[in-house]
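The values are calculated or read from the model by the stated rules, or taken from the named source; none is laboratory data. Quantities reported herein were computed from a predicted structural model and do not represent experimental measurements. Here Cβ is always computed from backbone atoms with ideal geometry, including for glycine, and neighbour counts include all displayed protein chains. For the accessible areas, the whole protein counts, side chains as well, though only heavy atoms, and no ligand, DNA or RNA atoms are used. Shrake-Rupley method; radii C 1.70, N 1.55, O 1.52, S 1.80 Å.
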Amino acid sequence: MEQRYECLIVGAGMAGAIAARELAQRGGRRVLVLERRAHIAGNAYDCLDEHGVLIHRYGPHIFHTNSRRVYDFLCRFTAFSGYQHEVAANLPDGQGGRIQYPVPFNLNSLEAAFGPQEGARLGEKLLAAYGPEKKVTILELRQHPDPEISALADYVYDHVFVRYTMKQWGQTPEEIDPNTTARVPVFLSRDCRYFQDAYQGMPVEGYTPMFERMLDHPNITVELNTDARDRLDLSGSEILLDGAPFRGLVLYTGAVDELFGLVYGRLPYRTLDFVYETWQARNRPDEPWPDEAHPLRVGDFYQSHATVNYTVDEDFTRITEFKRLTGQDLPGVTTIMKEYSRAYTGAAEEIPYYAIINPENNALYSKYQALADRFPNLHLLGRLAEYKYYNMDAIALRSLELCDRLLEEGERHG
Ligand code: FAD
Ligand code: UDP
């Protein structure tokens with residue numbers, strides 16, 4: 001095996017696929033990629049559903065980055081649409097109806113929630129306190145000494161954060177890692193985009209073709225439906241692959257506790273259940289579409305935005321409508337997806353999606369990392385392997401930078 005391959009990569013998601021391409025093309029290495037799923041692209045995988053709608057199988061994925069390097073790298077394998085993600089919070093208006101306003105909560109949300117006059121007055125007050133275009137985390141805003149500002153922060157906390165966070169994490173915003181709610185700050189702006197990054201969009205043909213092109217290189221072999229743990233043995237002083245020592249580079253992008261047989265117990269995660277619904281244009285005049293409760297159906301769409309967050313009620317956190325995300329032109333049919341979050345138990349059909357970052361879990365992670373550190377040729381890379389809340393672009397950059405380092409070291413050592 002070692003004669004045939006110089007690098008082994010476990011996982012064909014963003015981390016693994018980018019490293020495979022870099023090591024194969026830039027480094028001239030022969031690379032074997034093992035992927036336990038039946039497909040490449042990791043959690044960014046997309047495909048057509050039975051109605052011909054392009055869907056994201058593992059949650060909505062919107063590409064955004066400030067890294068020119070990441071953007072240029074991915075542009076070698078896809079063009080990006082100019083899609084700019086916007087999200088609405090949908091909640092009861094307190095008078096028997098419902099309202100929607102932009103999330104992150106911004107100056108427009110303020111006017112939608114409090115009316116144009118009062119909203120504008122409160123907006124002026126926030127602008128005077130923090131300055132235009134500033135982003136303030138909800139936890140920080142609640143600490144503001146001005147009682148009117150802290151009362152406003154309580155409104156946002158109650159109507160946008162507390163119940164959504166309870167649904168997503170089973171804990172309050174104070175109990176979870178503060179960096180998590182800081183991802184969606186209060187924004188003193190009228191910019192209603194979810195991200196302000198310099199480069200954003202969707203791969204025009206989808207993520208999976210982008211990954212196909214990335215992995216399409218003569219030095220790369222991909223084996224699907226292959227759990228690397230069935231081929232690797234890390235019980236001794238060196239890594240065995242198929243029973244023989246493997247001294248090449250090993251990049252592992254799966255969950256690190258699994259790699260070491262859960263010897264210290266499971267790392268805690270949240271998992272998601274995705275519930276899909278497809279709405280078809282009515283084919284009989286007496287069939288309403290999608291139903292009477294949804295007035296937004298101009299152009300065969302289910303909802304007003306690609307993602308609508310249910311911040312106060314419902315058991316799901318958000319609904320994503322894929323056509324709005326991908327720009328797919330498919331009249332008369334649309335597929336939506338509701339996300340339900342719960343604790344990951346390790347059952348075979350569950351996928352660990354979100355690391356639960358806190359000091360106790362980080363300490364447990366460190367014990368696994370110490371096991372990995374015993375092998376100088378083993379590198380943990382990726383959202384699972386590093387037990388971090390990384391977006392795709394962060395993983396892409398880490399993968400590129402790890403390859404820089406490994407190739408440099410390789411050159412130095414001949
Ligand atoms: P993954 O994509 O999880 O890939 C790891 C791969 O390793 C998987 O294919 C897995 O099957 C494989 N594997 C694991 N163990 C083994 C094994 N033992 N043997 C063989 N193969 C194995 N990021 C954004 O930038 N924008 C977004 O809008 C966005 N939305 C998201 C929505 C949701 C619901 C979630 C959960 C994440 C979202 N992300 C988003 C984050 C994004 O999914 C990650 O940053 C990215 O997928 C990380 O890539 P990765 O390669 O580290 O992990
Ligand atoms: N959040 C919230 N209400 C919202 C949006 C986000 O309370 O309407 C909080 C929640 O705790 C969530 C976190 O902010 O887990 C990060 O949100 P983001 O949309 O970045 O989560 P992701 O897309 O990664 O699931």
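Within the bounds of the stretch 210-220, is there any residue that is among the aromatic types (Phe, Trp, Tyr) and modelled with pLDDT under 95?
Among the residues of the stretch 210-220, not one is among the aromatic types (Phe, Trp, Tyr) and modelled with pLDDT under 95, which makes the answer no.
Kindly list the number of the only condition in (1) at pLDDT below 95; (2) more than 25 Å from residue 323 (Cβ to Cβ); (3) of a type outside the set (Ser, Thr, Tyr) that fails for residue 82.
(2)
Starting from the stretch 235-246, take each residue that is farther than 20 Å from residue 370 by Cβ and list its partners that are open to solvent by 50 Å² or more (accessible area, probe 1.4 Å) and not charged (D, E, K, R), counting only C-beta distances under 8 angstrom and pairs at least six apart or across chains.
Between residues of the stretch 235-246 that are farther than 20 Å from residue 370 by Cβ and residues that are open to solvent by 50 Å² or more (accessible area, probe 1.4 Å) and not charged (D, E, K, R), the close pairs are 241/1; 242/1; 244/1; 246/1.
Across the stretch 167-204, which residue is most open to solvent (accessible area, probe 1.4 Å) among those that are in contact with a His (Cβ under 8 Å, 6 or more places away or on another chain) and near ligand 2 (Cβ under 10 Å from one of its atoms)?
Selected residue: 194.
Which members of the stretch 17-35 meet the condition of being in a helix (DSSP H, G or I) and surrounded by fewer than 21 Cβ atoms within 10 Å (Cβ to Cβ)?
25, 26
Taking residue 149 as meeting all but one of (1) open to solvent by less than 20 Å² (accessible area, probe 1.4 Å); (2) closer than 28 Å to residue 314 by Cβ; (3) more than 16 Å from ligand 2 (Cβ to nearest atom), write down the number of the exception.
(2)
Scan the stretch 82-98 residue by residue and report those that are away from ligand 1 (no atom under 14 Å from the Cβ) and within 20 Å of residue 44 (Cβ to Cβ).
Once the filter is applied, which keeps residues that are away from ligand 1 (no atom under 14 Å from the Cβ) and within 20 Å of residue 44 (Cβ to Cβ), the stretch 82-98 yields only 82.
Within the stretch 335-362, track down each residue that is small (Gly, Ala, Ser), outside any loop (DSSP other than H, G, I, E, B) and away from ligand 1 (no atom under 11 Å from the Cβ). Break it down into steps so the answer makes sense when it comes.
Initial filter on the stretch 335-362 (small (Gly, Ala, Ser)): 341, 343, 346-348, 355.
This time we only want the ones that are outside any loop (DSSP other than H, G, I, E, B), so: 341, 343, 355.
Answer for the stretch 335-362, where residues must be small (Gly, Ala, Ser), outside any loop (DSSP other than H, G, I, E, B) and away from ligand 1 (no atom under 11 Å from the Cβ): just 343.
Restricting to the stretch 62-118, give me the number of residues that are open to solvent by less than 30 Å² (accessible area, probe 1.4 Å), within 20 Å of residue 133 (Cα to Cα) and assigned to a loop (DSSP other than H, G, I, E, B).
Result for the stretch 62-118: 3.
Might you check whether a residue that is within 15 Å of ligand 1 (Cβ to nearest atom), among the aromatic types (Phe, Trp, Tyr) and at negative phi occurs anywhere in the stretch 38-45?
The answer is yes; a qualifying residue exists.
Among the residues of the stretch 36-60, what is the count of those that are closer than 14 Å to residue 210 by Cβ and buried (at least 20 other Cβ atoms within 10 Å of the Cβ)?
8
Which residue is nearest to residue 238 (Cα to Cα), if the candidates are limited to the stretch 364-388 and must be charged (D, E, K, R) and away from ligand 1 (no atom under 13 Å from the Cβ)?
Looking at the filtered set, the residue picked out is 374.
Pairs only if they're at least six apart or on different chains, beta carbon under 6 angstrom, first in the stretch 162-173 and farther than 12 Å from residue 315 by Cβ, second more than 16 Å from ligand 1 (Cβ to nearest atom) and not aliphatic (A, V, I, L, M); list them, first residue then second.
165/173; 173/161; 173/181
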